[in-house]
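A.B. asks: So that we are looking at the same thing, I have put the structure below in structure tokens.
Coordinate-derived values only; no laboratory data. These figures come from a predicted structure and were not determined experimentally. As a convention, Cβ positions derive from the backbone with ideal geometry for all residues, glycine included, and neighbour counts pool all protein chains shown.
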Amino acid sequence: MTKVIVSVFNNLLTDQRVEKICKTLYDNGYQVELIGSSWDGLPELKRPYPFTRISLKSKSLKFAYVEYNLKLYKLLRSKAKENCILVANDLETIYPNLLISKKKKLPLIYDSHEIFTEMPSLQGKWTKRIWQLLEEYCIPNLKYMMTANASYADWYAKKYHIKMPLVIRNLPMKMSLNPEVHNSENNPKIILYQGAINPSRGLDKVIPAMKWIDNAVLWIVGGGPKYTEYVELTKKLNLLDKVKFLGKKHPTELRAITPKANVGLSIEENGGLSYYYSLPNKISDYIQVGVPVVCSDFPEMKKIISQYKVGETIKNHSEQELAEKISLVLKRGKSVYQNELNRAAQDLCWENETPKLLQLYEKVVQENF
């Protein structure tokens, strides 16, 4: 049995991409072991395969990365044996995996969920150059690479003159709708944002836009560094009756909340190429449960709206534009979008990505063991 050791920096709870990949491999006969960290806490977790979360003492993120990489190297050195595939998720985990891969002559698959060096949090900071140097060294040395959408794959191929990475989109599993939840009439209507409360997510623009949207409430589900600031903004604007912060939710809780919405938001700003080229998994999460979307007019998001007609794109992040497009979807109602949402849900699901993933792993096994 081929062993697969998957490394990721986060605490594993909400990383749906890693969870789906590990479960798919486990269900198809691979011996999976997952390694995460204690960053942002150690919430209770149950998985059918073994997992480890590296304990971090560092309080600063930049020091936590260093501590994690040192400890990950030691852990991989003890766990990685023959007939083992290493999997590094994002730039945070690539270096120790690459070192162990070369040292023990084991295959390494790199899964880039984003363009890490083009994340908004790194723009204008000296640390960006450190990550760029790491990327410039590691990427050309990879034999197997996958990423989350076609725009990311094209960027990596052109930037580093490498073979086009395999595209495995971060799509949800197929879900059956609960008619009582899906068809219920909300009064007021529910506008939903789910995801991290980070810079460049458009939340500081849509909160004031709620002044212009009638008979609706904005639910913000998630946590992050901007949480307190946006709560204070809501208070300052006297919008506490129209904007509700629901906090972080376990994935099972979130799956119960999402279908209740009348419209889902994915209104990222162009804080870097990683966001500009992104296809946030929240969009396909909304679609899978029959919720129309309002999203940014960026390449991958626009492609979904153009192909399936499941919502609207915004030309800019002005209060007027946001209010107009959100109000338009609310006025039309879910039923107008339902046929296209159903069609999109059939296409945009994890079950359609699985064959490509398994073919990659079969190729790795055949070429190395």
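A.B. asks: Decide, for the chain, between rounded, prolate and oblate: order the square roots of the alpha carbon gyration tensor eigenvalues as a ≥ b ≥ c, take rounded if a/c falls under 1.5, and otherwise choose prolate if a/b is larger than b/c, else oblate.
C.D. replies: Prolate.
A.B. asks: In whole angstrom, how far apart do the alpha carbon centroids of the stretch 1-80 and the stretch 236-306 sit?
C.D. replies: Each part's Cα centre sits 26 Å from the other's.
A.B. asks: May I ask you to derive the FRET efficiency for Gln366 and Asn215 from their Cβ-Cβ distance with R0 = 45 Å, giving the value to the nearest 0.05?
C.D. replies: Calculated value: 0.15.
A.B. asks: With springs connecting C-alpha atoms under 10 Å apart, model the chain as a Gaussian network and identify which of Asn89, Asn342, Asn186 has the largest mean-square fluctuation.
C.D. replies: Asn186
A.B. asks: Can you give me the angle between helix 150-160 and the longest principal axis of the chain, using Cα atoms only, in degrees from 0 to 90, rounded to the nearest 10?
C.D. replies: 40 degrees
A.B. asks: Arrange the following residues from fewest to most other Cβ atoms within 10 Å of their Cβ: His113, His161, His317, His250.
C.D. replies: By the 10 Å Cβ count, ascending: His161, His250, His317, His113.
A.B. asks: Nearest 10 degrees is fine. How inclined is helix 127-138 to the longest principal axis of the chain, computing both from alpha carbons?
C.D. replies: 50 degrees
A.B. asks: Which is the longest run of the chain containing none of the trypsin sites (Lys or Arg not before Pro) found in DSSP loop states (not H, G, I, E, B) with at most 13 other C-beta atoms within 10 Å? All intermediate terms of the calculation are to be shown ahead of the outcome.
C.D. replies: Values: sites that count: Lys46, Lys57, Lys59, Lys81, Lys105, Lys125, Lys163, Lys174, Lys315.
By the stated rule (loop sites, at most 13 other Cβ atoms within 10 Å), 175-314.
A.B. asks: Specify whether the C-alpha gyration tensor of the stretch 179-347 places it in the rounded, prolate or oblate class, a ≥ b ≥ c being the square roots of the eigenvalues: rounded for a/c under 1.5, otherwise prolate if a/b is larger than b/c and oblate if not.
C.D. replies: Rounded is the answer for the stretch 179-347, as its axis ratio a/c remains below 1.5.
A.B. asks: Working from Cα positions, state the angle (0 to 90°, nearest 10) between the long axis of helix 334-347 and the longest principal axis of the chain.
C.D. replies: That works out to roughly 10 degrees.
A.B. asks: Out of the stretch 130-219, which GluC sites (Glu not before Pro) are coil in DSSP terms and have no more than 13 other C-beta atoms within 10 Å?
C.D. replies: Glu185
A.B. asks: I want to check the label-to-label distance for Lys74 and Met1. Put each point 7 Å from Cα in the C-beta direction and report it in nm to one decimal.
C.D. replies: A separation of 2.9 nm, rounded to one decimal place.
A.B. asks: What area, in nm² and to one decimal, does the C-alpha convex hull of the stretch 170-251 cast on average over all directions?
C.D. replies: Reported value for the Cα convex hull: 6.6 nm².
A.B. asks: With both partners inside the chain, how many of the DSSP beta bridges are antiparallel, as a percent to the nearest 5?
C.D. replies: The antiparallel fraction comes to roughly 0 percent.
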